[in-house]
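A.B. asks: Here it is, the structure, as C-alpha cells.
The values are calculated or read from the model by the stated rules, or taken from the named source; none is laboratory data. Everything numeric here is computed off the predicted structure, so don't read it as measured data. Quick reminder, even Gly has a Cβ in these numbers, built from the backbone with ideal geometry, and neighbours come from all protein chains shown.
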Amino acid sequence: MAIGVFDSGVGGLSVHRSLVRQFPAADFIYLADQANTPYGGRPGEEIVTLTRAGCERLFAEGCSLVVLACNTASGIALRRLQQTWLPGYRRELGRPVNVLGIIVPTIEAATGLPWEHEAERRGDKVEKLDVLAVFSTPATTGSRVYEIEIDKRRQDVAVFSQACPELAPMIEQGAARDELAAAVALHVKAITTRIGRPPDRAILGCTHYEIVGDLFRAALPAGAPLIHQPQATAEALGRYLERHPEYDAGTGGRRRFLTTGRPGAQSSLVEAFWGGPLSFEQA
C-alpha cells in the first residue's frame with residue numbers, strides 16, 4: 001500500500017516534499033495530470049471528472065489514501081467525490097480507500113481553529129480586522145471557499161482573493177525568474193490596491209506558488225507571514241492516520257512519479273525546488 005499525491009501538474013510536489021519529510025518510511029506515488037494542466041480555468045464538471053480519473057489511477061497503483069495536492073481539485077471536486085463516488089467505489093474495491101484535500105488543513109492553520117468549529121454570531125463590532133490575502137487560480141477564487149469557510153469560524157479575519165491565471169502555467173513551463181517575479185509583484189500590487197493597504201498575512205492558494213514562495217515573500221510587506229499549505233497538510237495527515245489505522249501507508253520508503261503528459265526530466269525550476277533531478281514515468 002502507499003499514499004497517493006495528485007495534482008494537475010508539478011505544483012503538488014511542494015505538498016509531496018512535506019509529506020515525505022513527515023513520513024520518511026511511507027511509500028508515495030505522485031501523479032501529475034500534465035496532459036490537462038492547468039485546472040484553474042476549466043469548468044467544474046471537467047475538474048470533477050479529471051480528479052476522479054487521477055484518484056482511480058492511484059488506487060489502481062495500490063494507494064489506500066489520495067491527497068489532492070491541488071486547491072482547485074480540493075475546492076471543486078473533493079466533496080462531490082466523497083459523497084457520490086467513493087462509497088460505491090470502496091464497495092467495488094473491497095478495501096478502505098479515501099481522498100483528502102488541502103483546503104481544510106489550510107483553513108485550520110489560518111484560523112487556529114479545528115474544522116468542526118463555527119463561530120457564534122454576535123452583533124459586536126470587530127475592533128481590528130486581520131486582513132488575509134489568498135493568491136489562487138481563477139477556479140479557486142471563483143469558488144470563494146476561503147472567504148466562506150474562514151468567515152464561518154473567524155469574524156475578525158477579512159479574506160481577499162486574487163486570481164493569478166498565468167502563474168501556474170508559467171511555473172509548469174519553467175519560466176525565467178525575472179518573469180515570475182514581475183508576475184508575482186503585479187498580483188501583490190493588485191490586491192494591495194483593492195484592499196487599500198497591504199495584507200497582514202497571505203495564503204498561497206495554489207500549490208504551484210510554493211515553488212516561487214520566496215518571490216511572494218519579497219513582494220509582500222516585510223514580516224507578513226505566509227500560511228504554508230504543505231506543512232499544514234502534512235501535520236493534518238499525521239493526525240488523520242493516528243485516528244484511522246485502517247489506511248496502510250507502506251513502510252518501504254518507495255517513491256514513484258507518474259505523469260499523463262511528457263515523461264522524463266522536469267524543468268530546472270522544479271528540480272531546483274525539489275533539490276535534485278526528477279524524472280516522471282508515463283501514467
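A.B. asks: If you go through segment 127-151, how many residues are of a type in the set (Ser, Thr, Tyr) and more than 13 Å from Gly40 (Cα to Cα)?
C.D. replies: 1
A.B. asks: Still on this model: Of all residues in segment 220-240, which are without any contact (Cβ under 8 Å) to a residue 24 or more places away in the chain and at negative phi?
C.D. replies: Selection gives Pro221, Ala222, Arg239.
A.B. asks: Could you please find all residues in segment 140-157 being buried (at least 18 other Cβ atoms within 10 Å of the Cβ) and either over 20 Å from the mean Cα position of the chain (by Cα) or not hydroxyl-bearing (Ser, Thr, Tyr) (or both)? Talk me through it step by step, then tell me what you get.
C.D. replies: Initial filter on segment 140-157 (buried (at least 18 other Cβ atoms within 10 Å of the Cβ)): 140-141, 143, 145-146, 149-150, 153-154, 157.
Across segment 140-157, the qualifying residues are Val145, Glu149, Ile150, Arg153, Arg154, Val157.
A.B. asks: Exactly one of (1) in contact (Cβ under 8 Å) with a residue 60 or more places away in the chain; (2) closer than 15 Å to Gly12 by Cα is unmet by Glu271. Its number?
C.D. replies: In the conditions (1) in contact (Cβ under 8 Å) with a residue 60 or more places away in the chain; (2) closer than 15 Å to Gly12 by Cα, Glu271 misses (1) alone.
A.B. asks: I've got another one for you. Need at least 1 residues that are within 17 Å of Ser136 (Cα to Cα) and in contact with an Asp or Glu (Cβ under 8 Å, 6 or more places away or on another chain) per element, so show me which helices (runs of 4 or more DSSP H) inside segment 171-261 make the cut, counting only ones lying wholly within it.
C.D. replies: Fully inside segment 171-261 and qualifying: 177-195, 229-243.
A.B. asks: A further question follows. Of Leu68, Leu81, which residue is modelled with pLDDT of 95 or more, among the aliphatic types (A, V, I, L, M), surrounded by 17 or more Cβ atoms within 10 Å (Cβ to Cβ) and under 15 Å from the mean Cα position of the chain (by Cα)?
C.D. replies: Going through Leu68, Leu81 in turn, just one is modelled with pLDDT of 95 or more, among the aliphatic types (A, V, I, L, M), surrounded by 17 or more Cβ atoms within 10 Å (Cβ to Cβ) and under 15 Å from the mean Cα position of the chain (by Cα): Leu68.
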